Amino acid sequence: MNIPIRRAVAAMILAAFAASTLPSSDAAEPAAKDPINPPATLRDWQALAKLPDFSGVWTPVISDQVAQERSNPPPWNAQIAKQIEHMYAEEKAGRPFPVIDHCFPTGMPSYMLITHNAFELLVTPGRVTLLGEGDGNRLRRIYTDGRPHPDDPDPSFHGHSIGHWEGQTLVVDTIALLPEVYLAVNEAVGVPNDGDMHIVERIHLLDAETLADDLEITANKLLSKTWKTTRKYLRQRSQKYDIVEGVCEQGSYNEGLDKDGNSIFVPIKFHNGVPVGSDSK
Amino acid sequence: MNLFRMKLTLGAVALAALMAAVPVFAHHSFAVYDRTKLLTLKGNVKSFQWTNPHCVVWVLVQPEGGGEPQEWSFETTSPGVLTRGGWTRNSVKPGDRVAVEFYPLRDGSHGGGLSAVTLVDTGQKLTASFGEKAELK
């Protein structure tokens, strides 16, 4: 018997002893408090082959985004509707509200609703991962290993997502979004969710190369009822669509040299949020 | 603190203040550009900023009335989208003579949204679209 196996057997004997000497409820508790990610088995990998193939690079159907924005707006409550109306007027006047000007992640649900950039979807045992283009921090992790949401999750840009398969559909439940994260209908019109936003998604194939995300968004601070909407994505098989590295903040700098000839990033000039010639007013 | 060290410290503080004043506003809606006007300017490429979320062709333009060349920014979409449209980071190079078709900024600043760039010496025209026109199927 080699040493790791001996150790494992010793641990099992110890665990069995501990379990036999403690009340059963106490014995189960340590495992629940500190769950592990078990190693993936051959059966886990084989199970993935039975799922619909979601893997690959997906680009949003922007024309459909625009059509949806016009035909199916969110049921804004009266107070928010005034803000939205003002933002549309500002956008039309060429003064777009800076929904995405910062280099924070666009967050959920903007990731699925309004972004123009592609994402890569990976399905692995216990996990579905979306890697967005434009910035490396556009990243969604959806746990499909059966875990529940944490009791008190830290709010984040993409929230805490758990998913399960219902036939050919991946059902995703997302909570714990930062209140500052926007519910936006385009890159210039949106409002912070202000907390308690809950998103349920049903992700499924419409045909071999088209993915649909049916979203149900509940945001009690903004909406008079749950908003149901759908976004579509086309799979790109051509390798020229492979996701490239993106670092949003890099866009605020150009390449240059310091006084010693070393390569450095040099800040570029911005005016009203856009790059302008250095001799502009 | 000797004078040299003090100067160095003040310099660092000034630099930090300058850096802090640089807004990180790389990503924005293209509604800032006036899409009802398509203008053309000729000049020499200063640099081609190949960065996410948006690339920028920086061009030095000789003013009509004479004087020092003015720096203009012509912003376009991301490296990923441009690559799929046939561009590379070397599609335009410093020193290239170019004619740029662009949608101007509304406030008169020296910048615009790039629609197309023609390399004067070869006649090659590179086009780029952004916003809802950027959809590539």
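The values are calculated or read from the model by the stated rules, or taken from the named source; none is laboratory data. This structure is a prediction, so every number in the text was calculated from the model and none was measured. Every residue, glycine as well, gets a Cβ built from its backbone with ideal geometry; the counts of neighbours run over all protein chains shown.
I'd like to verify a number: residues in the stretch A:70-97 that are closer than 17 Å to A:Asn193 by Cβ and within 14 Å of another protein chain (Cβ to nearest Cβ), how many?
2
Given the condition within 21 Å of the chain's Cα centre (by Cα) and either charged (D, E, K, R) or modelled with pLDDT under 95 (or both), answer yes or no: does some residue in the stretch A:223-230 qualify?
Yes, some residue in the stretch A:223-230 is within 21 Å of the chain's Cα centre (by Cα) and either charged (D, E, K, R) or modelled with pLDDT under 95 (or both).
Where residues in the stretch A:221-253 are aliphatic (A, V, I, L, M), within 30 Å of A:Asn72 (Cβ to Cβ) and not in a strand (DSSP E or B), which of them is nearest to the other protein chains (Cβ to nearest Cβ)?
A:Ile243
Of the residues in the stretch A:254-276, how many are farther than 23 Å from A:Glu91 by Cα and either in a loop (DSSP other than H, G, I, E, B) or in contact (Cβ under 8 Å) with a residue 24 or more places away in the chain (or both)?
Within the stretch A:254-276, the subset farther than 23 Å from A:Glu91 by Cα is A:254-268.
Going one step further and asking which of them are either in a loop (DSSP other than H, G, I, E, B) or in contact (Cβ under 8 Å) with a residue 24 or more places away in the chain (or both), we end up with A:258-262, A:268.
Residues meeting the conditions: 6.
Collect the residues in the stretch B:68-106 that are at the interface with chain A (Cβ under 8 Å from one of its Cβ atoms) and within 13 Å of B:Lys37 (Cα to Cα), keeping them in residue-number order.
B:Leu105, B:Arg106, listed by residue number.
Of the residues that make up the stretch A:179-192, is at least one assigned by TED's automatic domain parsing to the domain that holds A:Pro60 and over 30 Å from A:Phe270 (Cβ atoms)?
Pass one, the stretch A:179-192, residues assigned by TED's automatic domain parsing to the domain that holds A:Pro60: A:179-192.
Still in the running and over 30 Å from A:Phe270 (Cβ atoms): none.
No.
For the stretch B:99-118, how many residues meet the condition of being assigned to a loop (DSSP other than H, G, I, E, B) and touching a residue at least 12 places away in the same chain (Cβ under 8 Å)?
Going through the stretch B:99-118 one residue at a time, the tally reaches 2.
If the requirement is being within 14 Å of chain B (Cβ to nearest Cβ) and β-branched (Val, Ile, Thr), which of these qualifies: A:Ile100, A:Ile142?
Values: A:Ile142 fails: within 14 Å of chain B (Cβ to nearest Cβ).
Criteria check complete, one pass: A:Ile100.
Would you check if A:Ala176 is in the same structural domain as A:Thr129 (by TED's automatic domain parsing), in contact (Cβ under 8 Å) with a residue 24 or more places away in the chain and more than 22 Å from A:Gln68 (Cα to Cα)?
yes
If I ask for residues that are more than 26 Å from B:Val81 (Cα to Cα) and exposed (fewer than 14 other Cβ atoms within 10 Å of the Cβ), which ones from the stretch A:217-258 would you list?
Across the stretch A:217-258, the qualifying residues are A:Ser224, A:Lys225, A:Lys228, A:Leu257, A:Asp258.
Is it true that A:Val66 is in a loop (DSSP other than H, G, I, E, B), among the aliphatic types (A, V, I, L, M) and at the interface with chain B (Cβ under 10 Å from one of its Cβ atoms)?
Values: in a loop (DSSP other than H, G, I, E, B): no; among the aliphatic types (A, V, I, L, M): yes; at the interface with chain B (Cβ under 10 Å from one of its Cβ atoms): yes.
Judged against the criteria, A:Val66 is not a match.
Considering only residues of the stretch A:259-281 that are of a type in the set (A, V, I, L, M, F, W, C) and facing chain B (nearest Cβ under 7 Å), which is surrounded by the fewest Cβ atoms within 10 Å (Cβ to Cβ)?
Looking at residues that are of a type in the set (A, V, I, L, M, F, W, C) and facing chain B (nearest Cβ under 7 Å), I get A:Phe270.
Kindly provide the set of residues from the stretch A:86-122 that are in a loop (DSSP other than H, G, I, E, B) and of a type in the set (A, V, I, L, M, F, W, C), ordered by number.
A:Ala93, A:Phe97, A:Val99, A:Ile100, A:Cys103, A:Phe104, A:Met108, A:Ile114, A:Ala118
Please find, within the stretch A:168-194, the residue that is farthest from A:Ile84 (Cα to Cα) out of those that are in a loop (DSSP other than H, G, I, E, B) and modelled with pLDDT of 95 or more.
Per the criteria, the residue is A:Gln168.
Out of the residues in the stretch B:30-67 meeting the condition of being more than 8 Å from chain A (Cβ to nearest Cβ) and aliphatic (A, V, I, L, M), tell me which one is farthest from B:Pro94 (Cα to Cα).
B:Leu38
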